[in-house]
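Scroll down for the structure; my scribbles are underneath it.
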Amino acid sequence: MTISYSIKLILTDIKRFLVVSALFFCALLQSSAANAISEISISAERIEHAQGATKNTTLNLDLRDALPKLSLRSGFKAKSSPDWFQLKFNCSLASNLGSGRCSEGLIKSTHLEVPFSFELDRLSLNGKPDISATLTLNNANYSDEAGLHATEKFNGKFKLALQSMARGWAWQSQVDWLSGEVFWQPFYVAEGGHQLQASGTLNDILLNIDVARLQVKNVGGLDVSGQLRLSDYQLLSLNGSAPSLDLAAAYPLLLKPMLEKSALSNIEVGGKAALQFSIKNAELKSFELDLHHIDVADINQKFAFYNINASLPWSYDEPKEIMFSFDSGELLNLPLAKTNIVATVNRFSLTSNNIRLPILDGALSLSDVSAARIANQWYWHLRAKLEPISMADFSSRLSLPRMDGTASAEIPLVTYAGGRLTTDGSLQLKVFNGAATVSQLVMQNPLGTTPKLNADIALRNLDLGALTRTFSFGAIEGKLDGDIKQLELQNWKPVKFDAVIQSSAGRYPRKISQRAVENISSLGGAGAAVAIQRSFLHFFEQFNYQAIGLSCKLRNDVCTMGGIASTPGGYVIVKGSGIPAITVMGYNQTVAWTDLLARIKRVTTGNTIIK
């Protein structure tokens, strides 16, 4: 004889549903008619809970086979979600229900499929229950509609042991991530081998973590202890220590995803780091980061620092001294020598009297350095002085034509606020026996992936002889002035400027070679060079000139060209004087910026082609 029981409930608490179900099952199984029962089914139309609700919930126990089968069907909706989804739970139980084993479990919904097995290793119901259980996930898959979170073929184990105490529970847990891929924006982990072990106590008020150790494969371990208040889930305390982290493994896994929009988004890094921190009442109170023999190199060769060693402590309550050093490095291909930096950090501000960064045969000295973080934004200012550096070494390192002389500068004040860098004063360089002055310098996002620069540049009394020899342009004797107004660079490429270069005022020799004439004419279009080749002027090696001038107004990747005077057919670039004399005309009044750059490259490398 077989008997089937069914009961329908409408409850407002999931705990009541579980209690009623457990008592009902136990009563039937202990009854004298248990051997005749073939199936037990309990259903509830709706169950309410503070975090969500279920509907059409059915719990079924099938006793017809040797191993009983337990199944659950339910609609579920989280409190924060407007949508319902379906949960399915199927499980085969061991014949001894006191040590239950579920070997064919499944939780499934639209975006979730979790095959699992469950084993209740120990269960005691004699007044003070002790529970030990293991949950194993087998090729679990999950994805959300937005595509921001997903797991694929996830395999893992979760072990939990509970022991009753006078006030609450003592617990131990272990989580093993065995294999599978997980994407949890912005983090992506392609393989397992990670483990978390923890133990502590639990009562109605607090979750205490006496000790927990997270071991991340190839990266290192993190030990923490802390306390969580259950009424509002506030973190009352958390203390952590990671004595040895491998940055070569930690960077692509943990650091790079958080640095995508910074200057550290594409680097190679090696070395070890150690970290300690303390959190109280959900606020960071202190930390100390130590770096040991770190090498950092930008893959795009913008910067590199070698053998970094640092002690970087911080405290909310008291000032700390930080130390940072590296043995060598490069910044935009400029070599950096051994550098030591000492500063004081006081809560959210940093100060340093002097920082000296050796560059080539000179140095960049920073003084009165002060920085503060206010409302999640950095603000800082400093004074800067560039000690004389050799322009010959400087130009060689940047793969520029060789320049003679030295460069030096002094800026009274540099200010950075909200991603914007400005200068109070001018940067002056001594080049080609003249001077180049940079003023109104403003940079936005200078260390980011898309920096922007605005400035005005004034060139005065540049030696045309030294300049043209440097760039293989053809010989010109004289002096040159220039003004580049409203210069705007985006990602270090010009997108806007008004530029004018012309002969300096005053008396000085003014000679120009035939090759220089050809190169100048190629910048403004065909004309003068062809005229030279067809006339007696091609017998002369050089000519006299009265003035030289060329202008470019760049907008929307198009350069509007001009010279020292306009004519019906174009503009004058070189105005001749004396005997022999020659006048060079320009005929292209608008030129694509990329085409003009190509022309400049040809004439400065000695490969002039007149078109």
Dipole of the chain, positive end: most advanced residue of A407, V114, L245 [Cβ charges, Cα centre]:
A407
With axes computed from alpha carbons, what is the tilt in degrees of helix 14-30 against the longest principal axis of the chain, rounded to the nearest 10 within 0 to 90?
40 degrees
Residues whose modelled amide H sits under 5 Å from the amide H of K496, counting only those 5 or more places away in sequence or on another chain, are E488
For the chain, averaging the sequence separation of alpha carbon pairs under 8 Å that lie six or more residues apart and dividing by its residue count, the contact order in percent is 4 percent
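Please check the chain for the longest run free of chymotrypsin sites (Phe, Trp or Tyr not before Pro) that are loop-located per DSSP (anything but H, G, I, E, B) and have at most 11 other Cβ atoms within 10 Å.
Details: sites that count: Y233, W492.
So the longest stretch without any such site is 234-491.
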What dipole magnitude, in Debye to the nearest 20, does the stretch 355-504 give about its Cα centre under +1 on Lys/Arg Cβ and -1 on Asp/Glu Cβ?
400 debye
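Percent antiparallel among DSSP beta bridges with both residues in the chain, to the nearest 5?
Details: 251 of 259 bridges.
Among the beta bridges of the chain, antiparallel pairing accounts for roughly 95 percent.
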Farthest toward the dipole's positive end in the chain, which of S439, G147, V572, given Cβ charges of +1 (Lys, Arg) and -1 (Asp, Glu) about the Cα centre?
V572
Ranked L441, L61, criterion: other C-beta atoms within 10 Å, fewest first:
L441, L61
Answer in debye to the nearest 20: the dipole magnitude of the stretch 215-331 about its Cα centre, from +1 Lys/Arg and -1 Asp/Glu charges placed on Cβ, is 360 debye
Candidate values (1) 28.3; (2) 38.5; (3) 42.6, label of the one derived for mean projected area of the Cα convex hull in nm²
(2)
For the stretch 432-437, take each phi angle, set θ = phi - 60°, evaluate the Karplus expression 6.51 cos²θ - 1.76 cosθ + 1.60, and give the result in whole Hz per residue in order, putting x for glycine and proline.
6, 6, x, 9, 10, 10
To the nearest 20 debye, what is the magnitude of the charge dipole of the chain about its Cα centre, counting +1 on the Cβ of each Lys and Arg and -1 on the Cβ of each Asp and Glu?
1340 debye
Looking only at aspartates and glutamates whose Cα falls under 18 Å of K385's and that sit 8 or more positions away or on another chain, we get D361, D368, E410, D424
Filtering trypsin sites (Lys or Arg not before Pro) in the stretch 228-280 by DSSP loop and by at most 14 other Cβ atoms within 10 Å leaves K261
Can you list the residues of the stretch 99-121 with backbone N under 16 Å from a point 7 Å past the Cα of L178, pointing along Cα to Cβ?
102-106, 114-120
Give the angle, between 0 and 90 degrees and rounded to the nearest 10, that separates the Cα long axis of helix 514-524 from the longest principal axis of the Cα atoms of the chain.
50 degrees
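Starting with the fewest neighbours, write out D483, D463 ranked by other beta-carbon atoms found within 10 Å of each beta-carbon.
D483, D463
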Search the structure for amide H atoms under 5 Å from the amide H of Y587, placed 1.01 Å from N in the peptide plane, and list their residues when 5 or more places away or on another chain.
G525
Find me the longest stretch of the chain that has none of the exposed GluC sites (Glu not before Pro), where exposed means in a DSSP loop (not H, G, I, E or B) with at most 11 other Cβ atoms within 10 Å.
261-540
DSSP loop (so not H, G, I, E, B), at most 10 other Cβ within 10 Å: list which trypsin sites (Lys or Arg not before Pro) in the stretch 378-410 pass both filters.
none
Mean separation of Cα contacts under 8 Å, 6 or more apart, over the residue count of the stretch 215-331: relative contact order %
19 percent
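None of the figures in this text is laboratory data; all of them are computed from the coordinates on show. Worth saying up front: this structure is predicted, and the values here are computed from it rather than measured. Cβ atoms come from the backbone with ideal geometry, glycine included; neighbour counts cover every protein chain shown.
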